[in-house]
Amino acid sequence: MADQTRNPAYVDQVVLAPDVPQQPPAAAVVKEQPQAETDEESVNQKPVEKALVEEYLSKPRCDDQGNVLQSGSFKEESTRVVDLLDNEKKALQQLKQLVQEALNKHEFGGQQPEAPKEDDEKESAKEEAKDEAVIDVEPPKPETVAETNDAPVKEDSINLVETEVIEDKVATAAAGSDTVEDDGAKTVEAIEESIVSVSSSSAQPAAEAESYVVSEDERKGGKAEDKVVPPEEISIWGVPLLADERSDVILLKFLRARDFKVKEAFVMLKSTILWRKEFGIDELVEQDLGDNLNKVVFMHGFDKEGHPVCYNVFGEFRNKELYQKTFSDGEKRQNFLRWRIQFLEKSIRKLDFRPGGICTIVQVNDLKNSPGPAKWELRQATKQALHLLQDNYPEFVARQVFINVPWWYLAVNKIINPFLTQRTKSKFVFAGPSKSVDTLFRYITAEQLPVKYGGLSKGSEFATTETVTEITVKPAAKHTVEFPVTEACLVRWEVRVIGWGVIYGAEFVPSGENSYAVIIQKARKVAASNEEPVVCDNFKVGEAGKVVLTIHNPSSKKKKLLYRFKSHPTTSH
């Protein structure tokens, strides 16, 4: 994902497979901005198409029929921290530190716990005013009192009250003494204690004022420790940031999308989180947006390495009614965008983000009957989707497989080369119509591949876990398949020849010498246009023997034969 080009290609539909690096993204929902587009601009905004064509023409072995095209093999990077290089480990730790700081400051939520600067200045002014108020508690100076009050309480009066209090306390102390020493030490001590006591009493109003100021501060602003705001909790794709080791896998995606440039990866992560809040991703996942597009984009099975496989079938938009319902105006295009984001979110949340787990998908892009460049509405919608997906879903595609690639992709080959890196090309696989099935079989087993693409996976009694055997039938040759049985049972089997055009028959051959063979299916030619590409059959066996299938390939081309069988014990009558 980190090595692809910035702008979309004609087959903008490829936006369904986000894996493109860009400049640090803006955290905002992409709004539709229709604008006139010249032919030259249209061509230059098609890097994915460039990716499709570059490999097609770059190798001499390619022909006009659209043979299988594949660039260098891509090896997916490890998600285990122990497998990282030293500089990669360091980058991960630095990113985690930046994320922790952002969580502490509530930057991902768009709220700052600290008060604004202006408020700080106002609070400081208030504190100064309170300090001045405390100072004003001291008794006024005599001259000030005399000048400002009609009947002032003069300083002499205040001093007289204090003197009388002291004398009373001294007298009491003297009278309460049993004995008075000749040197008068006892009396002196009593006087000193009394003076200290009175001094403390006279200072009490100021102390109370100070106490009141602190209390008021606590009431309005709280204690310093009370102002500490706990770090915010942020989850992305169901994984809480920095909560456990799954978070490392998430952060590695952003780092790889930015070539382990920590600050750029952090900006991308922060923008993604803010965008998810603005777009309302968590609410979107729970909404019912209908199933009109389930035939356009769907998940089905796994590849040979365990990656979930997503199929994008753009030929479905040849249906005029579906096209109009999806792209005829801005509101419908926005709904398409929301549906696509919702589909991707649900798919991603099923991935395993534990280190070493499967946390990427394989994209199969079927370009058969795909609408051409003239479909302006489709291009606008898919451009919007492309920008959102490549900005906010980094490193989620393990491989891009393009099948049924049309001839006109060759036209843009000269534009491609400057925009692609080897890493990007290593993820892309291209096949013309005649080689599409063979290409898919390189990455997906027959039991996991949908019937429409040459496999045996469909709603039948056979599970996707039941292995399919693949055999190559040579030109002008016969091949037999035997299912041995040792007891009374019901035998079921599925058989398919890719492209058919062969003669197929089935019979049961018992083991007993005096028994006769039973014809299950008389030999018949199965045409290439057979409406039922998979033959599903069964036979109830009453004795030991074998079911024999015969495949006769009269053509001059080799054929791929697929089959599997199983038996259920039954009672013989």
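At-a-glance table
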item: Answer residue from region 480-498, given it is more than 16 Å from Val535 (Cα to Cα) and more than 48 Å from the chain's Cα centre (by Cα) and is most open to solvent (accessible area, probe 1.4 Å) among those; result: Thr486
item: Qualifying residue in region 530-549 (condition: more than 47 Å from the chain's Cα centre (by Cα), within 16 Å of Arg492 (Cβ to Cβ) and open to solvent by 80 Å² or more (accessible area, probe 1.4 Å)); result: yes
item: Within region 327-344, tally of residues that are surrounded by fewer than 14 Cβ atoms within 10 Å (Cβ to Cβ) and in a helix (DSSP H, G or I); result: 1
item: Residues of region 366-381 classified as part of a loop (DSSP other than H, G, I, E, B) and open to solvent by 40 Å² or more (accessible area, probe 1.4 Å), total; result: 5
item: Candidates Leu410, Leu351, Leu367, Leu322, filtered to the one that is at pLDDT below 95 and under 27 Å from the mean Cα position of the chain (by Cα); result: Leu367
item: Residues located in region 503-524, provided they are charged (D, E, K, R) and under 18 Å from Cys536 (Cβ atoms); result: Glu507, Lys522, Arg524
item: Where Val502 falls short, out of the listed (1) buried (at least 21 other Cβ atoms within 10 Å of the Cβ); (2) within 23 Å of Ile403 (Cα to Cα); result: (2)
item: Some residue of region 490-508 being without any contact (Cβ under 8 Å) to a residue 12 or more places away in the chain and hydrophobic (A, V, I, L, M, F, W, C); result: no
item: Qualifying residue in region 458-479 (condition: among the acidic types (Asp, Glu), within 30 Å of Pro308 (Cα to Cα) and touching a Ser or Thr at 6+ places or on another chain (Cβ under 9 Å)); result: yes
item: Out of Ala517, Ala431, Ala527, sole residue that is touching a residue at least 12 places away in the same chain (Cβ under 8 Å), surrounded by fewer than 20 Cβ atoms within 10 Å (Cβ to Cβ) and over 17 Å from Tyr563 (Cα atoms); result: Ala527
item: Tabulated pairs, region 291-307, first of a type in the set (Lys, Arg), second open to solvent by 50 Å² or more (accessible area, probe 1.4 Å) and outside any loop (DSSP other than H, G, I, E, B), C-beta under 7 angstrom, 6+ apart or interchain; result: Lys295/Glu316
item: Every residue from region 272-298 that is more than 13 Å from the chain's Cα centre (by Cα) and either open to solvent by 70 Å² or more (accessible area, probe 1.4 Å) or within 19 Å of Val99 (Cβ to Cβ) (or both); result: Leu274, Lys277, Glu278, Glu283, Glu286, Gln287, Asp288, Asp291, Asn292, Asn294, Lys295
item: Filter result (part of a helix (DSSP H, G or I) and either touching a helix residue (DSSP H, G or I) at 6+ places or on another chain (Cβ under 7 Å) or open to solvent by 30 Å² or more (accessible area, probe 1.4 Å) (or both)) within region 240-255; result: Arg246, Asp248, Leu251, Leu252, Phe254, Leu255
item: Lys304, sole failed condition from (1) touching a Phe, Trp or Tyr at 6+ places or on another chain (Cβ under 7 Å); (2) open to solvent by less than 70 Å² (accessible area, probe 1.4 Å); result: (2)
item: Condition met for Lys295 (in a loop (DSSP other than H, G, I, E, B), at negative phi, touching a helix residue (DSSP H, G or I) at 6+ places or on another chain (Cβ under 6 Å) and not aromatic (Phe, Trp, Tyr)); result: yes
item: Residue tally, condition part of a helix (DSSP H, G or I), in contact with a helix residue (DSSP H, G or I) (Cβ under 7 Å, 6 or more places away or on another chain) and open to solvent by less than 20 Å² (accessible area, probe 1.4 Å), over region 345-365; result: 1
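The values are calculated or read from the model by the stated rules, or taken from the named source; none is laboratory data. What you are looking at is a predicted structure, and each value in this text was computed from that prediction instead of being measured. All Cβ positions, even for glycine, are placed from backbone atoms using ideal geometry, and neighbour counts span all protein chains on display. Note: areas computed on protein heavy atoms with side chains; ligands, DNA, RNA excluded. Shrake-Rupley method; radii C 1.70, N 1.55, O 1.52, S 1.80 Å.
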